[in-house]
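Here the structure is laid out as structure tokens; the discussion comes afterwards.
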Amino acid sequence: MSLSTRLEGSVKAGLALLAVAALATSLNRAAHTDEGAANWISYFTNLSNLLGAGVLLTGGLALLRVTRPVPDLLRGAATLYLVITGAVYWTLLAGTIDANTIIWANDVVHGVMPAVFLADWLLRPPLRRISWTRSLPWLAFPLLYLAYSLLRGPSAGWYPYDFLDPREPGGYGHVATWSVIITLAFTVMASLLVLYANARSRSGGSGIGERDGRDRELRTT
């Protein structure tokens, strides 16, 4: 195992633990405010970061030869969800933070983690091609999340985001419009991730140099 591989594995594991710390901090705040733990876990941001932290930690430990590598399809799903999380936050929600927001934790889950996963996908594309049909299940979770949010909202009296709240001006028409827009964003981003991965797979490039055979097999998040 090369020094660069050990360093990469350690950095990824460390970033995963940073994400866990950020999530734990925001959960503790939610549990001691009116938001509550049930609403905390109902944010797409927190769900995608929980997945991302698990994928990143496992990938880091895999590079250290502690665990098996993360499957590319799971890694792609985490990348998609976190990139969209970051994009939606910085374009639509960044101005909505309040006095209860823990700034460093907010920056980790909306900035650091999306950037890390996107950079890793670009620098470490999958070794094997990903078919379009195999990537389609990536869209299942966002659609299930949409249904969950709309079904839970009336009983909880709470919606995670204004664009999913039918009590906002425009009602369900407003929600439907934004749901279509964000679903298209997921679809386009998933397509771009697959296109990039397959283009790099055809070219045979790793993006950051040569490694021994074992390290290439462990090339993952």
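Data for the structure
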read-out: Any hit, the stretch 102-122, residues being open to solvent by 30 Å² or more (accessible area, probe 1.4 Å), of a type in the set (D, E, K, R), free of Cβ contacts under 8 Å to residues at least 40 places away in the same chain and more than 19 Å from residue 53 (Cα to Cα); value: no
read-out: Identity of the residue in the stretch 3-27, of a type in the set (Ser, Thr, Tyr) and in contact with a helix residue (DSSP H, G or I) (Cβ under 6 Å, 6 or more places away or on another chain), that ends up least open to solvent (accessible area, probe 1.4 Å); value: 5
read-out: The stretch 146-162, subset without any contact (Cβ under 8 Å) to a residue 40 or more places away in the chain and hydrophobic (A, V, I, L, M, F, W, C), residue nearest to residue 55 (Cα to Cα); value: 146
read-out: Every residue from the stretch 47-97 that is crowded, with 22+ Cβ neighbours inside 10 Å, touching a Phe, Trp or Tyr at 6+ places or on another chain (Cβ under 7 Å) and among the β-branched types (Val, Ile, Thr); value: 79, 83, 85
read-out: Hits in the stretch 3-31 - residues which are closer than 17 Å to residue 103 by Cα and not hydrophobic (A, V, I, L, M, F, W, C); value: 25, 26, 28, 29
read-out: So residue 58, is it of a type in the set (Ser, Thr, Tyr) and in contact with a helix residue (DSSP H, G or I) (Cβ under 8 Å, 6 or more places away or on another chain); value: no
read-out: Pairs, first without any contact (Cβ under 8 Å) to a residue 60 or more places away in the chain and open to solvent by less than 50 Å² (accessible area, probe 1.4 Å) in the stretch 129-145, second outside any helix (DSSP H, G or I) and not acidic (Asp, Glu), C-beta under 7 Å, six or more apart; value: none
read-out: For residue 156: the one exception among (1) within 30 Å of residue 75 (Cβ to Cβ); (2) at pLDDT 95 or above; value: (1)
read-out: Complete set of residues in the stretch 28-38 that are under 20 Å from residue 153 (Cα atoms) and surrounded by fewer than 17 Cβ atoms within 10 Å (Cβ to Cβ); value: 31, 33, 34, 36, 37, 38
read-out: In the stretch 160-200, the residues that are surrounded by 12 or more Cβ atoms within 10 Å (Cβ to Cβ), hydrophobic (A, V, I, L, M, F, W, C) and under 18 Å from residue 122 (Cα atoms); value: 186, 189, 190, 192, 193, 194, 195, 197, 199
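The values are calculated or read from the model by the stated rules, or taken from the named source; none is laboratory data. If you're wondering where the values come from, they're calculated on a predicted model, not measured in any experiment. Note that we place each Cβ from the backbone using ideal geometry, even for glycine, and neighbour counts take in every protein chain shown. Each accessible area value is taken on the protein alone, full model and side chains, heavy atoms only, with ligands, DNA and RNA left out. Shrake-Rupley method; radii C 1.70, N 1.55, O 1.52, S 1.80 Å.
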